[in-house]
1. Within the range 267-294, work out how many residues are surrounded by fewer than 21 Cβ atoms within 10 Å (Cβ to Cβ), under 22 Å from Phe372 (Cβ atoms) and either modelled with pLDDT under 95 or more than 23 Å from the chain's Cα centre (by Cα) (or both).
2. Quick check on my filter: what residues within the range 67-114 are touching a Phe, Trp or Tyr at 6+ places or on another chain (Cβ under 6 Å) and assigned to a helix (DSSP H, G or I)?
3. For the range 86-93, state whether one or more residues are of a type outside the set (Phe, Trp, Tyr), surrounded by 23 or more Cβ atoms within 10 Å (Cβ to Cβ) and over 15 Å from Pro63 (Cα atoms).
4. Of all residues in the range 167-194, which are over 15 Å from Phe215 (Cβ atoms) and part of a loop (DSSP other than H, G, I, E, B)?
5. Does the range 239-256 contain any residue that is touching a Phe, Trp or Tyr at 6+ places or on another chain (Cβ under 7 Å), under 30 Å from Thr381 (Cβ atoms), touching a residue at least 60 places away in the same chain (Cβ under 8 Å) and not charged (D, E, K, R)?
6. Could you please give the count of residues in the range 58-90 that are modelled with pLDDT under 95, more than 14 Å from Tyr111 (Cα to Cα) and more than 19 Å from the chain's Cα centre (by Cα)?
7. Here are some residues: Pro362, Pro344, Pro376. Which one is modelled with pLDDT of 95 or more and more than 16 Å from Leu415 (Cβ to Cβ)?
8. Can you find, within the range 119-145, the residue that is farthest from the chain's Cα centre (by Cα) among those that are under 21 Å from Asp24 (Cβ atoms) and without any contact (Cβ under 8 Å) to a residue 60 or more places away in the chain?
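The values are calculated or read from the model by the stated rules, or taken from the named source; none is laboratory data. Just so it is clear, the structure is predicted and the values come from calculations on it, not from any experiment. A quick note on method: Cβ atoms are made from the backbone with ideal geometry, for glycine too, and the neighbour counts reach across all protein chains shown.
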Amino acid sequence: MKVRKSPVVFVLALTVSLAAEDYDQEPIRYSATAPQDPIAHLDQRLASGETTLVWDEQHGWLPGLLAALDIPVSSQVLVFSKTSLQRERITPERPRAIYFNDETYVGVVQYGSVLELASTDPRQGTMFYVLPSTRERRPEMARQTHECLQCHDSTSFTGGVPGLVVRSVYPDLDGRPVLTAGAHVLDHRTPWANRWGGWYVSGTGGGGHLGNQIFSAAITPETVERHHGQDRVSLAGLFDPTPYLTPHSDVVALLVLTHQAQGHNLLTRASYEGRRALRDDAVMNQALGRPAEFRSDTFRRRITSVGEALVRYLLFADEAALAGPVRGTTGFAADFKARGRRDPQGRSLRDLDLDRRLLRHPLSHLIYSESFAALPEPVLTYVHQRLLAVLASKAVDDGFSALSLADRRAILEILVATKADLPQEFAAALRR
């Protein structure tokens, strides 16, 4: 006898199957989808002859690549822990250099066989590539998936999506993390005392941190002396800076890097979950004979979950306060601010504070990104509504108490003046 499954059984079976899916299945198809990120676009221009890179006898493709991608040299930061693709070539004497702008990251290791590249696709999230370090007829970017995702896809590191990882560890004399001491995933919420382990840090202020230090195998977080590596305006004596474009690893660049790396991950997670929620409701609506536009309670909970996490992050709701003024050693702070869109009063979301927090007007510059604009409609609507509710609030006891009423007003005014695709309710709120 043929047994007909009830809708309840169908729902349970569907739920189990969806729990086992990953981002290489519909509706994401990460590996199979042609990327649309800055590295992919540059590779297309190189292939057509529209753009060329000039080989530098000392630094190979690096200077030309940074220029082609509009990445400032002042963004250089240096990490000496063995925590990347070419880990065996990295030591405290030969740190890995990372350069970045809002969407693209370039990693370089001395004597490495490749340059390591990561770039943000508006819908698919972070894409990974390698560029051979040898001089070829023309440089070609080779996309990487599974090899890079062994580290760059982690529930604890990236939120379960292909993403960026910035960690603080306790490195030994060779740069290997002392695993028994643990590690910290870095972003603007990380307490200062847990930051920068395995990184070189040039700059002053902020409090004691783990940067610029080597640890013994017996180290524990409770026994660390966090002031030994702070307030170094020069990294002289720690390594030979000659092979690098600059002798710096600017603390302000590190602050921006850690903020936006996790921001990209949250944008990707919100995009993926929004598309999956839409797909799941469409399947269930068809199975249960509901109208196509019906939205389930489960759908709303899923959108709220990723949307609220993104709103809190963009507004720096849980930012760890700086213990004192932070000052870098390069022109990175000026370079970062110069890229800002400014309102009639000359204010920008890229204006830095650096005395008690990262930004003078705490709303992330990632709100201008293509990744933000490409969020699925239900997620984007939720985020816009919540941003407006917070920024137009007349009280600060709403879970965003770090934002004063003056902060909120300033951010709202800057947004309305500089972001053309905002819902009209934002401008209307200024007139109330």
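1. 2
2. Selection gives Ser74, Ser75, Arg89.
3. Filtering the range 86-93 for residues of a type outside the set (Phe, Trp, Tyr) gives 86-93.
This time we only want the ones that are surrounded by 23 or more Cβ atoms within 10 Å (Cβ to Cβ), so: 90.
If we keep only those that are over 15 Å from Pro63 (Cα atoms) too, we end up with 90.
Yes, some residue in the range 86-93 is of a type outside the set (Phe, Trp, Tyr), surrounded by 23 or more Cβ atoms within 10 Å (Cβ to Cβ) and over 15 Å from Pro63 (Cα atoms).
4. Across the range 167-194, the qualifying residues are Leu186, Asp187, His188, Arg189, Thr190, Pro191.
5. yes
6. Here the count works out to 1.
7. Numbers: Pro362 fails: more than 16 Å from Leu415 (Cβ to Cβ); Pro344 fails: more than 16 Å from Leu415 (Cβ to Cβ).
Pro376 is the lone residue from the list that is modelled with pLDDT of 95 or more and more than 16 Å from Leu415 (Cβ to Cβ).
8. Quick first cut of the range 119-145, residues under 21 Å from Asp24 (Cβ atoms) only: 119-130, 141-145.
Of the ones still in play, those that are also without any contact (Cβ under 8 Å) to a residue 60 or more places away in the chain are 128, 130, 142, 144.
Working: Phe128: 14, Val130: 19, Ala142: 22, Gln144: 18 Å.
Out of the qualifying residues, it is Ala142.
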